1. Does Glu147 fit the bill of being touching a residue at least 24 places away in the same chain (Cβ under 8 Å), assigned to a helix (DSSP H, G or I) and not assigned by TED's automatic domain parsing to the domain that holds Trp57?
2. Considering only region 104-131, state which residues are under 14 Å from Thr89 (Cβ atoms) and touching a Lys or Arg at 6+ places or on another chain (Cβ under 9 Å).
3. Kindly provide the set of residues from region 91-105 that are surrounded by fewer than 20 Cβ atoms within 10 Å (Cβ to Cβ) and either assigned by TED's automatic domain parsing to the domain that holds Asp44 or in a helix (DSSP H, G or I) (or both), ordered by number.
4. Specify the residue that is farthest from Tyr106 (Cα to Cα); the eligible residues are those in region 48-83 that are within 12 Å of the chain's Cα centre (by Cα) and polar (S, T, N, Q).
5. In the list Asp78, Asp129, which residue meets the criterion of being buried (at least 16 other Cβ atoms within 10 Å of the Cβ), free of Cβ contacts under 8 Å to residues at least 24 places away in the same chain and not small (Gly, Ala, Ser)?
6. Regarding region 102-109, can at least one residue be identified that is more than 27 Å from Ile137 (Cβ to Cβ) and touching a helix residue (DSSP H, G or I) at 6+ places or on another chain (Cβ under 9 Å)?
7. Against the definition (exposed (fewer than 15 other Cβ atoms within 10 Å of the Cβ) and either within 25 Å of His22 (Cα to Cα) or in the same structural domain as Ala12 (by TED's automatic domain parsing) (or both)), how does Pro121 come out, yes or no?
8. So, restricting to helices (runs of 4 or more DSSP H) that lie completely within region 1-81, which ones have at least 3 residues that are farther than 27 Å from Ala116 by Cα and out of contact with any Pro (no Cβ under 8 Å at 6 or more places or on another chain)?
Amino acid sequence: MEDNKQDAEAFAAAIKFDPKNHVAYACRGIFLNDLAEHGKALRDLNIAIEIDPTNSWYYEKRGWACAGEDDFEGAIADFNKSMELGPATAELFNGRGCALELLERYEDAITDQTEAIRLVPDYAEAYYDRHVCYLAIGKTELAETDEAKALELGYEDE
């Protein structure tokens, strides 16, 4: 945690030196998000996107910051934009799936988590997240299978 704070401060110095350094804004935003300072993270990621609106990674990171602020629709929009601009990774599908789950759009979440697993078959977190959705819609056997697979792959509930 202390390292993230120091890293955020280092990027603040880089921004002061070059206020158009979109990478510094994005990196500071990521560290701020890790410190649960989601509002500040969103501010920095918005600036990074304003300077370079073609960087898919910035949208992905802003999606996580939106999720941290319980703005799940915003998170979904940013994950979608990231997928549009860059590679649609397993992490993006699972992240969007989690946001959909929190909006109780379980079938859509399951679709995304299934795609994450297709892309990375040993993605323990995606199995666990899909298990939560299966539980929510009463598909207990599928939920139990996914939970067992997640644990087999080393998933540890935080």
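1. no
2. Selection gives Asp112, Gln113, Ala116, Ile117.
3. Within region 91-105, Glu91, Leu102 meet the criteria.
4. Among them, the one singled out is Ser82.
5. Asp78
6. Looking for residues that are more than 27 Å from Ile137 (Cβ to Cβ) and touching a helix residue (DSSP H, G or I) at 6+ places or on another chain (Cβ under 9 Å), one finds none in region 102-109, hence no.
7. Taking the combined requirement at face value, the residue does not satisfy it.
8. Answer list for region 1-81: 2-17, 22-34, 38-51.
The values are calculated or read from the model by the stated rules, or taken from the named source; none is laboratory data. Everything numeric in this text was worked out from a predicted model, so none of it was measured. Every residue, glycine as well, gets a Cβ built from its backbone with ideal geometry; the counts of neighbours run over all protein chains shown.
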